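Take a look at the structure set out below.
The values are calculated or read from the model by the stated rules, or taken from the named source; none is laboratory data. All values derive from a computational prediction rather than experimental measurement. Cβ atoms come from the backbone with ideal geometry, glycine included; neighbour counts cover every protein chain shown.
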Number of protein chains: 2
Amino acid sequence: MEGRARRLIEEFGLDYLPEEFKAIIDEKHMYVSRGILFACRTSEDIRKIKEVRDFYALTGIMPSHEKIHLGTLAVVESMKAFQKKSKLTIVLVADLEALATRNVPLDVGRKYALEYHIPTYIALGLDPDKTIFYFQSENVDLQKIAFDAAKEITLSEFRAVYGDANPSRIVSVLHQMGDMLFPQLVEPMYGVIPVGLDQDPHIRLCRDYLKRTRVYNFKPIVGVYIRDVPSLDGQGKMSKSEPHKAIFIPEEDYKTLRRKIFKAFSGGAPSLEEQRKRGADLSKDVPYKILEFVLRDEKQLRKIAEDYSTGKMISGEVKEFLFEYLKSFMKDFKEKLEQARELVKANDIILIHNRNDLKNII
Amino acid sequence: MEGRARRLIEEFGLDYLPEEFKAIIDEKHMYVSRGILFACRTSEDIRKIKEVRDFYALTGIMPSHEKIHLGTLAVVESMKAFQKKSKLTIVLVADLEALATRNVPLDVGRKYALEYHIPTYIALGLDPDKTIFYFQSENVDLQKIAFDAAKEITLSEFRAVYGDANPSRIVSVLHQMGDMLFPQLVEPMYGVIPVGLDQDPHIRLCRDYLKRTRVYNFKPIVGVYIRDVPSLDGQGKMSKSEPHKAIFIPEEDYKTLRRKIFKAFSGGAPSLEEQRKRGADLSKDVPYKILEFVLRDEKQLRKIAEDYSTGKMISGEVKEFLFEYLKSFMKDFKEKLEQARELVKANDIILIHNRNDLKNII
């Protein structure tokens, strides 16, 4: 395990992934072997999930006009890995949150989600026959949890966890708890939620609430933490707020894609001679790090790692490789996106509205 | 108009009821002639309602284990008066708010509402063929307004208006705005909400929000203010938090009813002799004030006022009269309550779930 991951686990009070983790995920998935999923809250709960076997995997879509980037791809990839073992896979569209925090009207958010986000999640490999979607604004049962959570969490806690406590933040967080626990309105069941570290406050607060509630009988939700996809300049994580430092799915054109990749921060030495002599520092090389998130072929990745770190391969070659790889990835994605759009248009996805709908599926 | 009413209008920045008010209410109703409905926010909006004619009258039920008292009766009585002219009459069950602020589980609140509150409102005279009921927890459309309101109202405003800003308070207030404006999701229309002065903060904040929203096209809601039914000891208003100073509907038994009335604060002088000589001070006499809220016969009320204030009638007689009147009122109420319960059991009321249901009715 990287030193950085170890530091984060200690700093955030997370747990290392226990041996039992492999029982609740597609253990052959590259995110497991590569340590991209690197921590959890908590390992004890993961052991219990292994015992009881049933759990749901859950994630949310924020329907805004921006495309998703490689950071979100990592979440979808993780969901795919859990889908192999989960009883339920749930992807909710946070259209109410988009309204409250980003001023996206509900009809606009709905359009984004149906035309882009949902097809994208399917095109990236979530099984449309096994993935349950819903819109927050159509789900009447979330508020039943949100109102209960409202009385169990104080304003000071909100402020301590989030720094601010605007009404829009408060209702969004309370509803998000509704989302995270919603499947349990049908049947108490462990939930697994793959997230970036920045989402840990939500996980923690929700875990606090579910222990406190006097109304519901909830099983814990478990956060499984995904390593951050780095920003192209190597500073922090990839984010849509800095579009020139992120790779979107799809990128507008291959020229842009190529330019972005070639400007990415490199772990190679400044001169060709030094690169050949010293090899690249993979721990700082953004193109290599991105390959870890997207390149499925393990042998190929290892070969690149070896050649690049020993100077057999140079930065330009790795960038060219990544460009070609992502170019073909994007091509493939666009085709699948069209197919997925047809699926959505034909109502051939599982779109539920409330607890009763979910009950009928289980 | 009483001096007290005038003071309140000035203090709260309310408007006097304009002449046009009589066009939007059953003008022969005793609450109009007696000035029990004494102020509004705003008179300009009432004039506009008279022009456009369409409006909805709306009130809410808090489903807790307590029975309603005469203060709530005054709200129902006002709703009846508006129902004569309103396009829609809406009574919502605030079961989510009861959950968040009073720890009433949703299934329990539902039971209270169906077995007691809704039948009571019908037994008291709301027309079951024209009154639309819904439960907050079943209405998915409220949150569409609540989330929009969340971004238009700051935490400081919540604190300024309510003194505190607990999460349960915040979600309850935001949802209440959803309630007050919900009918307008079908069709922009003025709303009239009869309330006690203590509800004015809700009215004000909601009026602020509906001017600010960038998403919806709402017409104003108008608060029409009901004089407070006095507490039996004459100190402040009748409240269920002081049950021995309130008269419930129905009272547990006539003995209790009689005892409460005879202990009520009197405007009569201490000795019989003085009562005969000076007459009673009606402005301080609780039994007389209660008669103003319940005794329909105008002539009878005037006669009592005259006789009592001149010493022809004494406190004991007025109390006895009130007791007999309320006793017969309660008897009658209990019969009607049973009938109304049958109606509710047979699903013979208008119980809607969302905007679409309402659309189909209009």
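Find the residue count for the stretch A:137-163, including only residues that are over 19 Å from residue A:210 (Cβ atoms) and facing chain B (nearest Cβ under 8 Å).
4
Of the conditions (1) within 11 Å of chain A (Cβ to nearest Cβ); (2) within 21 Å of the chain's Cα centre (by Cα); (3) in contact (Cβ under 8 Å) with a residue 40 or more places away in the chain, residue B:114 fails just one. Which one is it?
(1)
Kindly evaluate residue A:127 against the criterion of being of a type in the set (Asp, Glu) and either in contact with a Leu (Cβ under 8 Å, 6 or more places away or on another chain) or within 14 Å of another protein chain (Cβ to nearest Cβ) (or both).
No.
Out of everything in the stretch A:167-188 that is of a type in the set (A, V, I, L, M, F, W, C), more than 22 Å from residue B:209 (Cα to Cα) and over 21 Å from the mean Cα position of the chain (by Cα), what residue ends up being nearest to the other protein chains (Cβ to nearest Cβ)?
A:185
Evaluate the following for residue A:141: is it of a type in the set (D, E, K, R), under 26 Å from residue B:97 (Cβ atoms) and surrounded by 24 or more Cβ atoms within 10 Å (Cβ to Cβ)?
no
It is to be established whether one or more residues within the stretch B:265-278 are modelled with pLDDT of 95 or more and more than 19 Å from residue B:73 (Cβ to Cβ).
yes
Quick one: which residue in A:148, A:198, A:208, A:164 is more than 21 Å from the chain's Cα centre (by Cα), in a helix (DSSP H, G or I) and surrounded by fewer than 23 Cβ atoms within 10 Å (Cβ to Cβ)? Spell out the reasoning first.
Details: A:148 fails: surrounded by fewer than 23 Cβ atoms within 10 Å (Cβ to Cβ); A:198 fails: more than 21 Å from the chain's Cα centre (by Cα); A:164 fails: in a helix (DSSP H, G or I).
Being more than 21 Å from the chain's Cα centre (by Cα), in a helix (DSSP H, G or I) and surrounded by fewer than 23 Cβ atoms within 10 Å (Cβ to Cβ) holds for just one of A:148, A:198, A:208, A:164, which is A:208.
Restricting attention to the stretch B:91-111, and to residues there that are farther than 20 Å from residue B:126 by Cβ and basic (Lys, Arg), which single residue is farthest from the other protein chains (Cβ to nearest Cβ)?
Applying the filter and picking the extreme gives B:111.
Return the pair list, or none, for Cβ contacts closer than 7 Å from residues in the stretch B:18-34 that are in a helix (DSSP H, G or I) to residues that are of a type in the set (Val, Ile, Thr), at least 6 apart or on different chains.
Listed by first residue and then by second, the contacts come to B:20/B:46; B:21/B:46; B:22/B:32; B:24/B:46; B:24/B:49; B:24/B:192; B:32/B:25.
Only one of (1) of a type in the set (Val, Ile, Thr); (2) buried (at least 24 other Cβ atoms within 10 Å of the Cβ); (3) within 14 Å of chain B (Cβ to nearest Cβ) fails for residue A:192. Which number is that?
In the conditions (1) of a type in the set (Val, Ile, Thr); (2) buried (at least 24 other Cβ atoms within 10 Å of the Cβ); (3) within 14 Å of chain B (Cβ to nearest Cβ), residue A:192 misses (3) alone.
When residue A:184 is evaluated against the numbered criteria (1) in contact with a Phe, Trp or Tyr (Cβ under 6 Å, 6 or more places away or on another chain); (2) outside any helix (DSSP H, G or I), which criterion, by number, is the only one it fails?
(2) is the only condition that residue A:184 fails.
With the condition kept exactly as written, say whether any residue in the stretch B:216-231 is in contact (Cβ under 8 Å) with a residue 24 or more places away in the chain and either part of a helix (DSSP H, G or I) or within 14 Å of another protein chain (Cβ to nearest Cβ) (or both).
yes
So, in the stretch A:47-99, exactly how many residues are part of a helix (DSSP H, G or I) and under 28 Å from residue A:16 (Cβ atoms)?
20
Quick one: residue B:47 ticks every box in (1) buried (at least 19 other Cβ atoms within 10 Å of the Cβ); (2) free of Cβ contacts under 8 Å to residues at least 40 places away in the same chain except a single one, so which number is it?
(1)
Which one of these does residue A:236 not meet: (1) at pLDDT 95 or above; (2) under 19 Å from the mean Cα position of the chain (by Cα); (3) not assigned by TED's automatic domain parsing to the domain that holds residue A:12?
(1)
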